[in-house]
Amino acid sequence: MTSLNPWNLLLDLLGGVLNFFYQFIPNLGIAIILLTLAISLVLFPLTLKQTRSMKAMQEIQPEVKRLQKELKGDKEELNKELMALYQERGVNPAAGCLPMIVQMPLWFALFSVLRSIQRPDGGGAATSKYIGDGTEAINTTFLGMDLTASPSSVVPDAIKSGDFLTALPYILLIILIVAAGFYQQLQTTKTKKDDKEQSQTAQSMQTAMKIMPLFFGFISWTLTAGLGIYFATSNLFRVGQQALILRLDERGDDDDKKKPALPPDTPPEDGEPEKKGPSENASKKKSRRRRK
């Protein structure tokens, strides 16, 4: 009987999807990349909400700062006004962490799936109960890395022995994860010339978000390189997603600004067009006076 434990169900689901991609291209690194892209597409609505909310949070900072100055001595009223402002402008201060929180169980599940890949004593072909039939040899090498090993277990020994080529792919992977993470945060925290007008809340949020790439770099150093491939792919794909969202939103704003304003005397669309000049009756009276 299949266990209904939610954790086991998640492991079976993630392992099954990973195995599905592995059957198409029998390389663990490619399978992890395809799995990451699939998860990123499923989470796109959250990414869209996160990107727009963080962008809106930057735009309303002058208003937030003004409210803080006006209601400095009344925290209760300040909180009410801030909540009303957030609701009016569609801002959710916690939206920046939402995709990360949703993905956390997936990270642990993927780590468990990768740890299930075992090698017999003395080395040999790697096997996993989630990939193949349990006895099929798994190709765990990708870009010169063993995805079942952690950078921390490979790089120090490789450098000590002078084998820098072995250490290089792991080091570049960590750098890529951190750099892509920082750029991802930079995309949604760019402001114009009003950086000094940011509220303390926004500054604290930005500081916390800037720490996250370093955190991911640290755990990628200590955990399996396969999980690092997941983080790197996710960060790079998120950079592309956010760039597309911001570009489309800016284009929409530009289109709204380019719409010509209606002249003051423009009649309503559903009404009859306004006639300029003398009316028909006035023209007839004028013709009669000329005949006389």
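The values are calculated or read from the model by the stated rules, or taken from the named source; none is laboratory data. Just so it is clear, the model here is predicted, and its values are computed rather than measured. With ideal geometry, Cβ positions are generated from the backbone for all residues, glycine too; neighbour counts draw on all protein chains shown.
Looking at the range 213-255, which of the residues that are of a type in the set (Val, Ile, Thr) and part of a helix (DSSP H, G or I) is surrounded by the most Cβ atoms within 10 Å (Cβ to Cβ)?
Among residues in the range 213-255 that are of a type in the set (Val, Ile, Thr) and part of a helix (DSSP H, G or I), the one surrounded by the most Cβ atoms within 10 Å (Cβ to Cβ) is 229.
Look through the range 32-87, keep the residues that are farther than 17 Å from residue 107 by Cα and among the small types (Gly, Ala, Ser), and return whichever of them is surrounded by the fewest Cβ atoms within 10 Å (Cβ to Cβ).
Checking each candidate, the answer is 73.
Among the listed residues 113, 17, 42, which satisfies the condition of being within 17 Å of the chain's Cα centre (by Cα) and on the phi < 0 side of the Ramachandran plot? Walk me through how you get there before you give the answer.
On the way: 113 fails: within 17 Å of the chain's Cα centre (by Cα); 17 fails: within 17 Å of the chain's Cα centre (by Cα).
Result: 42 is the single residue among 113, 17, 42 that is within 17 Å of the chain's Cα centre (by Cα) and on the phi < 0 side of the Ramachandran plot.
Filter the range 110-142 down to the residues that are buried (at least 18 other Cβ atoms within 10 Å of the Cβ) and within 30 Å of residue 211 (Cβ to Cβ), then identify the one that is modelled with the highest pLDDT.
Looking at residues that are buried (at least 18 other Cβ atoms within 10 Å of the Cβ) and within 30 Å of residue 211 (Cβ to Cβ), I get 142.
Given (1) modelled with pLDDT of 85 or more; (2) touching a Lys or Arg at 6+ places or on another chain (Cβ under 9 Å); (3) under 30 Å from residue 242 (Cβ atoms), where does residue 145 come up short, assuming only one miss?
In the conditions (1) modelled with pLDDT of 85 or more; (2) touching a Lys or Arg at 6+ places or on another chain (Cβ under 9 Å); (3) under 30 Å from residue 242 (Cβ atoms), residue 145 misses (2) alone.
Out of (1) surrounded by fewer than 19 Cβ atoms within 10 Å (Cβ to Cβ); (2) among the small types (Gly, Ala, Ser); (3) within 30 Å of the chain's Cα centre (by Cα), what's the single condition that is false for residue 181?
The one condition residue 181 does not meet is (1).
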